[in-house]
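Report on one structure; see the data block that follows.
The values are calculated or read from the model by the stated rules, or taken from the named source; none is laboratory data. Please read these numbers as outputs of a predicted model, since none were measured by experiment. Neighbour counts are summed over all protein chains in view; Cβ atoms, including those assigned to glycine, are modelled from backbone coordinates with ideal geometry.
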């Protein structure tokens, strides 16, 4: 019996996608081999790769002048690789920091740029989004970087910020594909796959093509996005299994009605969770300012942390998995990515009410 | 019906490993989730990760003073990352170039070192190994890099070269685990997984710990091997699926009798192939000097290239897959990695004799 999986990442995949992959794991199409056992440069895999890109372009409405790359290294590698590709030594790049991942992005950028924290909500312990008019932006900055959804702190931007003519760079690892977005507002979007796209070990990167003209330092080809773009992400052997599963996930999203349907469902799931917390009379608590609450990751604490262990034990026994909160904030966290059905969230909300009554 | 898969990479995986993975794809152990859907920091996955490392250490006899890392980016990324970690700007690093991959390693190193081609067999069109006494090595070089097996040209070192006190660095992507080696002869061994280890998107890197003390330039943590080592390759989310499948492959290798048994089997497979070529009276031809012939990748041409298309069509119809040679050398190539059984090679050798008689 599969449980309801609230893992923050690597996270739940759509069960239909897993069943499909399972069925053809040894014999994929007419390949007489697994999809993992064929050349990435063969016609069969090239068709998978191209279809995945087409489906992603369709889902997100990605304009023609953006390249879509399927890379490796996790978002963390791209914390470093983005300034490597777009900043000359010592050039200012502005960072809006609303949680743990934004902090890391700043640190990893330092060898290749002068990252400037233009706004931070660290002093609220990352429970708010700093008001736009407080941001200290420089129109000469290489880019403005932000994290639309902070997985650990459960803080999410519900609007794309206006940063003028400076390219906006977004680490969308934990909320990409959770709702429609206007890609043309961004210079670059990147996302580790292991939350809303597929398995870990894959990064999707969407970049406006004028940015690929920047060439701030001599780089090995393997670190230059422009080289990957010129080779359709086949500069070297990609993570073919991850790419294939991402493609199946994109097809599944289309069958679900696309991103408008996912947004409705994700809103319903988040509403169920915040209702269970807010109507608990203080038994459960989420510290985030309501307008900045994440629809993807809902951290919450119990009124008495002595009950944490019991909550985890009973919830797991009830088939509600991976609810332990990140060590940085403690308590619990329910991640509600696309692959988690409304039914699973309803089961958790019911469990929470029942647990509160019993203890 | 699965075919006999001679793909150069991504390549055949052991069928038993695929069946095992298929069976538990939706419910892994008692996780009530797929192995792809659980946190890399949870106890269950940590056990997989640790067991894979233990098994690899056992198979290769890796000494205590070597770290084993499970990384991403393909060998190509490490062409760049190795000099990044071990060379100060402009420092000499010696390269022995016996084929395409060695050439690429030189190019990708250039932004971080002064790669010096200490020996090359380019003028033989990569059909020999330059004699050791012709190598122009510098005892002050940061390291000596070579490619024990060149996948495209089918050239393999059958002895580990003696390079004195300079650390020997080996891109062992296409022959790691094909036979026992003495790891203590090396400073660093690295390998893309997609030939003898597992699916693409994973790199195994074995590094002597004194090398990790080198710190030649400010680097983001994600590019520092020492940081990955300090975090047991969990500095960020690893390719968990690749790591898991690598672990299953290591267990399979143990069940097969370990690397001594694999060496016997691989030698038998290579002998069958070279015999089919050499005893064909010139119908088939392999251009590599016999002492440098690869046991993993056997490129060969037909006496009349007008027959290539027919050979490929008929072999594929006979269930002998992916025999088309690399565009750089043309003709055919049979890759004989660990997962390909002797039976498959026998089928190919028989087919070759039959084809020669009929055409």
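Annotations for the structure displayed:
- Top-ranked residue of region B:74-89 - restricted to ones that are under 17 Å from residue A:233 (Cβ atoms) and in contact with a strand residue (DSSP E or B) (Cβ under 6 Å, 6 or more places away or on another chain), ranked as nearest to the other protein chains (Cβ to nearest Cβ): B:74
- Scanning region A:206-227 for residues that are surrounded by 18 or more Cβ atoms within 10 Å (Cβ to Cβ) and within 11 Å of another protein chain (Cβ to nearest Cβ) returns A:219, A:220, A:221, A:222, A:223, A:224.
- Boolean, residue A:324 is in contact with a helix residue (DSSP H, G or I) (Cβ under 7 Å, 6 or more places away or on another chain), modelled with pLDDT of 95 or more, within 22 Å of residue A:10 (Cα to Cα) and not assigned by TED's automatic domain parsing to the domain that holds residue A:194: yes
- Residue list for region B:200-225, restricted to those being in a loop (DSSP other than H, G, I, E, B) and either touching a strand residue (DSSP E or B) at 6+ places or on another chain (Cβ under 8 Å) or modelled with pLDDT under 95 (or both): B:200, B:202
- Residue check: residue B:25 meets all listed conditions (1) buried (at least 20 other Cβ atoms within 10 Å of the Cβ); (2) at the interface with another protein chain (Cβ under 9 Å from one of its Cβ atoms); (3) touching a helix residue (DSSP H, G or I) at 6+ places or on another chain (Cβ under 7 Å); (4) closer than 23 Å to residue A:9 by Cβ but one, namely (1).
- Among residues of region B:161-195, those that are more than 22 Å from residue B:269 (Cα to Cα) and in a loop (DSSP other than H, G, I, E, B), counted: 10
- In region A:125-138, the residues that are not assigned by TED's automatic domain parsing to the domain that holds residue A:294 reach residues that are in a helix (DSSP H, G or I) with C-beta atoms within less than 9 angstrom, at least six apart or across chains, in these pairs: A:126/A:100; A:126/A:102; A:127/A:292; A:128/A:291; A:128/A:292; A:129/A:291; A:129/A:292; A:130/A:124.
- Looking only at region A:1-20, and only at residues there that are more than 17 Å from residue A:332 (Cβ to Cβ) and under 16 Å from the mean Cα position of the chain (by Cα), the one that is farthest from the other protein chains (Cβ to nearest Cβ): A:14
- Number of positions in region A:33-50 that are at the interface with chain B (Cβ under 7 Å from one of its Cβ atoms) and either at pLDDT below 95 or out of contact with any strand residue (DSSP E or B) (no Cβ under 6 Å at 6 or more places or on another chain) (or both): 5
- Annotation: residue A:238 fulfils all but one of (1) away from chain B (no Cβ under 14 Å); (2) touching a strand residue (DSSP E or B) at 6+ places or on another chain (Cβ under 8 Å); the unmet one is (1).
- The one condition in (1) more than 8 Å from chain B (Cβ to nearest Cβ); (2) out of contact with any strand residue (DSSP E or B) (no Cβ under 9 Å at 6 or more places or on another chain); (3) buried (at least 22 other Cβ atoms within 10 Å of the Cβ) that residue A:54 fails to fulfil: (3)
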